[in-house]
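Some notes on the structure that comes next.
The values are calculated or read from the model by the stated rules, or taken from the named source; none is laboratory data. Model, not experiment: these values are computed from the prediction. Note: ideal-geometry Cβ built from the backbone for every residue, glycine included; neighbour counts use all protein chains shown. Side chains are part of the model used for accessible areas, which takes the heavy atoms of the whole protein and leaves out ligands, DNA and RNA. Shrake-Rupley method; radii C 1.70, N 1.55, O 1.52, S 1.80 Å.
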Amino acid sequence: MAHLGVGIGWRPEIADAVDRLDGLDWVEVVAENICPGHLPEALQRLRERGTRIVPHGVSLGLGGADRPDPQKLAALGERAVALGAPLVTEHIAFVRTSSPVLEAGHLLPVPRTRDALDVLCENVRIAQDALPVPLALENIAALFSWPGEEMTEGRFLTELVERTGVRLLIDVANLHTNRVNRGEDPAAVLDAIPLEALAYVHVAGGVERDGVWHDTHAHPVPPVVLDLLAELRSRVEPAGVLLERDDDFPPEAELAHELATIREVVTAAARKPGSVPEPKNTAAVPHTGAGARAATEPATGPQPQPVPGAQPEAGPQAGLEPQAGLGPKAEAASKPGPDPEPHAEAGPQAEAAPGPGADPEPDAGAGPQAAPCGGGGGARTRVALGQAALLSALVAGTPVPEGFDRARIRVQVRALAAKRADVVAKVAPELPGILGGRGPYRKAFLTYAKGRPMTAGYRRDALDFAEHLLIQDLPADPAARRRLTAWWRERAGARPPRRIVRWARTLVGRAA
């Protein structure tokens, strides 16, 4: 793995500050929020300056029961080529179900079972075959655990690496989150996983409320997370360490101080005598699939080349980061451009249900660790049933499946609804103004969201929310209702339902 150094997550809200940060080695950008050929000017300047840029995907859902969407894979590969990236990263999570069609709007944990591991491995192999550079996967933060799990986090990650050759992106803030929320020992995870597979490390802040740790990416990095970074550094020298910040951005000097602190922690841990033992396996973890060739390419990454099947996303929204105010570029919900995807664990993250993909062919030259994975139809069906039951409980109000901690599921339900409201407000920033401010908007949206799961992304969700209000003859103020009607008409390209139609729909809904 090429040396990356200390970096920061690039976001439009801090683009100027990032441009001026001294000693910044690299940046990571949310892949779904950029359009190749339409890079934000500040990001393009970094690229021209030689700053390495790594695309970080949030919408593949490789832990889901469905095979990865070929178009999403092509789009991710296209971004890697456009940025000259040495690798791409994603998450060990599921974000949607296809039967029924439901969007989580968040990264959700996969069960640590043999079935789930088989499905994940097959999906990873499909992704590796499709991507032009190596893939690394991130451990996620979670509010709850699955019942009936068969493996520890360390064993699950180790077998994933052994069976696919995928690299790991270890988020030490997520290790702390799972220590608080799920009682897991971060040191045990670090002891168990193959650290020779480490691509790089994430560091982020959060906050504890009522015994639950929320991985907000909106708070300073706490000492307990820096301690975990030092503990990881005592075991291995990571190729890169990256600070994530997705909301409530601090002044430039504070960002610079956090980066300096991270660099000092890494340096100090390296200075301790005997702090870096030999890794358990000094052999390089094999790469499989089309991305394998990029592992030995120069540090500048692969040369740009066409990606088969890639679907460029054009439009003015390039570079938007939906965890903070999107501004005028996100104004029109129906305009072309990517649907903003918030970053991992910081908020909603899914957009559309994946389509079918081809079964991966076993890599004959990958060695025994890259044995074919058994994500057959039976395993996929069982995983699909479990994920659909859980996601339906989280976003559609159905009963919580047996074995889950109901209190924690309630916390997750509230978090999903709140984040969904926040992202819709950033996709369609006019709505809070039309409805009388953040408070009235949020109350109206949370009422709308109960029992109305998102199925087609945040832009469609904004339009559906507006139409729902109009059907109910809301807002009550006639002037505000006229403004909402005009807003809806401009973006939907159609005339809103007439009052008699709205009444009829309301009566039908009440009868149901």
Give just the number: which of (1) assigned to a helix (DSSP H, G or I); (2) touching a residue at least 60 places away in the same chain (Cβ under 8 Å); (3) among the polar types (S, T, N, Q) does Ser145 not satisfy?
-> (1)
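Results for (1) within 30 Å of Ala116 (Cβ to Cβ); (2) in contact with a strand residue (DSSP E or B) (Cβ under 7 Å, 6 or more places away or on another chain); (3) crowded, with 20+ Cβ neighbours inside 10 Å, shown as yes or no for each residue.
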position: Asp405; (1), (2), (3): yes, no, no
position: Ile434; (1), (2), (3): no, no, yes
position: Gly437; (1), (2), (3): no, no, no
position: Pro453; (1), (2), (3): yes, yes, yes
position: Ala456; (1), (2), (3): yes, no, no
position: Gln472; (1), (2), (3): no, no, no
For segment 213-230, indicate whether the set of residues that are of a type in the set (Gly, Ala, Ser) and open to solvent by less than 10 Å² (accessible area, probe 1.4 Å) is non-empty.
-> no
Within segment 172-197, considering residues that are touching a helix residue (DSSP H, G or I) at 6+ places or on another chain (Cβ under 8 Å) and not in a helix (DSSP H, G or I), the one most open to solvent (accessible area, probe 1.4 Å) | Asp185
All conditions in (1) surrounded by fewer than 24 Cβ atoms within 10 Å (Cβ to Cβ); (2) in contact with a Phe, Trp or Tyr (Cβ under 8 Å, 6 or more places away or on another chain) are true of Gly84 except (2)
Looking at segment 148-171, which of the residues that are open to solvent by 10 Å² or more (accessible area, probe 1.4 Å), more than 20 Å from the chain's Cα centre (by Cα) and in contact (Cβ under 8 Å) with a residue 60 or more places away in the chain is nearest to Val124 (Cα to Cα)?
-> Arg163
Give me a count of the residues in segment 235-251 that are more than 24 Å from Val423 (Cα to Cα), assigned to a loop (DSSP other than H, G, I, E, B) and hydrophobic (A, V, I, L, M, F, W, C).
-> 2
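Listed here are the residues, each with its yes/no results for (1) among the basic types (Lys, Arg); (2) in a loop (DSSP other than H, G, I, E, B); (3) surrounded by fewer than 22 Cβ atoms within 10 Å (Cβ to Cβ).
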| site | (1), (2), (3) |
| --- | --- |
| Glu32 | no, no, no |
| Gly37 | no, yes, yes |
| Leu46 | no, no, no |
| Pro55 | no, no, no |
| Val58 | no, yes, no |
| Gly63 | no, yes, no |
Any idea which of Glu122, Glu138 is among the charged types (D, E, K, R), within 26 Å of Ala2 (Cα to Cα) and in contact (Cβ under 8 Å) with a residue 40 or more places away in the chain?
-> Glu138
Using the structure shown, decide if Arg495 is surrounded by fewer than 18 Cβ atoms within 10 Å (Cβ to Cβ), farther than 28 Å from Val101 by Cα and either over 34 Å from the mean Cα position of the chain (by Cα) or at pLDDT below 90 (or both).
-> no
Total residues in segment 128-142, condition among the aliphatic types (A, V, I, L, M), closer than 12 Å to His91 by Cβ and not in a loop (DSSP other than H, G, I, E, B) = 3
Within segment 399-432, work out how many residues are in a helix (DSSP H, G or I) and among the acidic types (Asp, Glu).
-> 2
Residues in segment 395-423 that are over 12 Å from Phe144 (Cα atoms) and either at pLDDT below 95 or not charged (D, E, K, R) (or both): how many?
-> 17
By residue number, the members of segment 88-109 that are assigned to a strand (DSSP E or B) and among the small types (Gly, Ala, Ser) are Ser98, Ala104, Gly105
Enumeration of residues in segment 122-141 that are under 21 Å from Leu190 (Cα atoms) and surrounded by fewer than 24 Cβ atoms within 10 Å (Cβ to Cβ) = Ala136, Ile140
Boolean, Ala2 is out of contact with any Cys (no Cβ under 6 Å at 6 or more places or on another chain), in a helix (DSSP H, G or I) and either open to solvent by less than 20 Å² (accessible area, probe 1.4 Å) or not acidic (Asp, Glu) (or both) | no
